[in-house]
1. Size of the stretch 184-234 along its principal axes in angstrom, Cα-based, largest extent first?
2. Just to verify a number: FRET efficiency for Arg260 and Ser196, C-beta to C-beta distance, R0 = 30 Å, to 0.05?
3. In which sequence would Asp177, Asp107 go, from the one with the fewest C-beta neighbours within 10 Å to the one with the most?
4. What per residue convex hull volume, in Å³, comes out for the stretch 152-252 when only alpha-carbon positions are used?
5. Among Asp85, Asp194, Asp224, rank each residue by its count of other Cβ atoms within 10 Å, from fewest to most, as a rough exposure measure.
6. Just the Cα atoms of the stretch 10-245, one point each, no solvent: what log10 I(q)/I(0) does Debye give at q = 0.08, 0.15, 0.16 Å⁻¹?
7. Fewest Cβ neighbours within 10 Å first, please rank Met49, Met111 accordingly.
Amino acid sequence: MIYALKSTPKLSKFLLLAVLLVASSCKSIRKITSAKPDELSPAKVQQRMIRNQVQAEWLTGKAKIGFEGLGQKMGATSTIKLRKDSVLWMNVKKLGFEVARVKVTQDSVFMLNRLRNQYIAQDLDYLEQEYNLPADFNSLQALILGNPIFYVNRNLKLENTPEAYHLFASEGTKVNDFWLAPESFLLNKMSFEDKSSQRSLAFLLQEYAETADNQNFSYLRNVDLNSRETGQVSIEISFSKVVLNEPTAFKFDIPKRYTRVD
């Protein structure tokens with residue numbers, strides 16, 4: 001369902017949050033050899049999960065985005081581009097017209113609001129200050145690729161159930177969880193919670209399929225964010241096409257008539 005897009009200041013919050021999250025071919029998933037249950041340990045399961053990460057120097061993807069939160073409910077389409085450890089770029093279109101364009105580098109975030117002829121240029125930590133959510137380039141890159149993010153990476157524990165391998169760790173008020181498919185060790189869900197600051201992120205990965213270079217990629221992502229600043233925010237990213245390891249351009253020009261806002 002496509003919802004009307006209003007030109008409001010809250011549009012900026014949606015677009016910046018969308019950067020935090022962004023998830024054809026329908027080939028079968030390649031078979032991955034599983035370990036015997038008695039051979040498993042938290043370290044070995046973690047190693048399998050890391051081994052299954054998407055490896056890409058470049059990414060270009062087409063996706064539909066559904067958003068609900070911050071007083072809005074809307075749908076849009078997007079082109080998402082990534083160069084590893086360098087730049088993340090995306091646009092947002094409504095009814096075929098571009099309404100926003102975003103570029104993120106290792107230390108900065110830029111956004112054009114086409115509806116209001118405005119732009120934002122900020123240090124990357126602006127995202128964390130604005131929304132009280134973890135925001136660094138490596139985390140954004142991992143979220144787009146569908147790779148695990150370790151906010152807590154010490155003393156991992158393992159719960160082995162028929163439904164999933166559940167890795168989890170805690171440190172003070174912070175809790176990090178991962179759920180992996182029992183046969184393939186593909187990441188199905190990860191979550192992070194910081195009880196002291198009342199913020200959380202849950203990331204569900206579905207509909208894995210092989211890319212042209214034989215990597216397993218999640219084409220459907222569901223993200224739930226919650227913090228004092230944002231309240232509950234839900235985003236669905238459904239990729240229709242993904243191309244890995246093909247160089248692409250990142251056009252981002254700020255028109256002279258645009259006004260900078262903070």
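What follows is calculated from the coordinates using simple rules that are stated; it is not laboratory data. For clarity, every value in this text was computed on a predicted model and none was experimentally measured. Cβ placement follows ideal geometry from the backbone for every residue including glycine, while neighbour counts extend to all protein chains displayed.
1. Answer, in whole Å and largest first: 41, 19, 14 Å.
2. So the FRET efficiency works out to roughly 0.30.
3. Details: Asp177 17, Asp107 10.
Lowest count first: Asp107, Asp177.
4. On the way: hull volume 16.0 nm³, N = 101.
It is 159 Å³ per residue.
5. In increasing order of surrounding Cβ atoms, one gets Asp85, Asp224, Asp194.
6. Normalising to I(0) and taking log10 leaves -0.29, -1.04, -1.18.
7. So the residues, fewest neighbours to most, are Met49, Met111.
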